[in-house]
């Protein structure tokens, strides 16, 4: 389990993962060697899974985001596996989630504009196997997006 020192380190690390180690150690109130040791332990323990670059896709010309709620025809024993395999091959699908309930899968899809989305929808998404029902939700605004954990 994490102690108060680990939580202090993680709070600072989440706020600015690009911060130099010496500054991160100072802000967390630990020595640089303690910081390095604690971060290594958290990586080994699976608390920290990595550092990644987050690309703001609208800056690259992708102005449309659509969430698709998909219900699969589940009479085929491999319906989930075959659908997921096909969805993974669509580069514009940025996220795939599976659920229990009336909706089986949620896809997040980005497109340059509505015309591009229409082509994606007709030529790539609707051709995925075992779709019984599909509902599109057009993203209008992002109210909150925060991957930090309250520590």
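List of remarks:
- Rg followed by Dmax, in Å, when the range 57-138 is reduced to its Cα trace: 12.5, 42
- Extent along principal axes [Cα atoms of the chain; Å; largest to smallest]: 56, 37, 24
- In this structure, residue 123 and residue 44 have a Cβ-Cβ separation that, at R0 = 41 Å, corresponds to a calculated FRET efficiency of about 0.40.
- Cα-based helix-to-principal-axis angle, 79-88 vs the chain, degrees rounded to 10: 70
- Rounded Å value of the spacing that divides the Cα centres of the range 9-35 and the range 49-104: 34
- Within the range 33-51, backbone nitrogen closer than 18 Å to the virtual label 7 Å beyond the Cα of residue 1 toward Cβ: 42, 45-47
- Its relative contact order, with pairs defined as Cα atoms under 8 Å and 6+ residues apart, puts the chain at 27 percent.
- Sites residue 52 and residue 144 - FRET efficiency at Förster radius 25 Å, r taken between beta-carbons, to 0.05: 0.80
- Alpha carbon Rg of the range 4-44, scaled by the compact-globule rule 2.2 N^0.38 Å: 0.97
Each value in this text was obtained by applying a stated rule to the coordinates, not by laboratory testing. What you see is a predicted model, and the numbers here were worked out from it, not measured in a lab. As a convention, Cβ positions derive from the backbone with ideal geometry for all residues, glycine included, and neighbour counts pool all protein chains shown.
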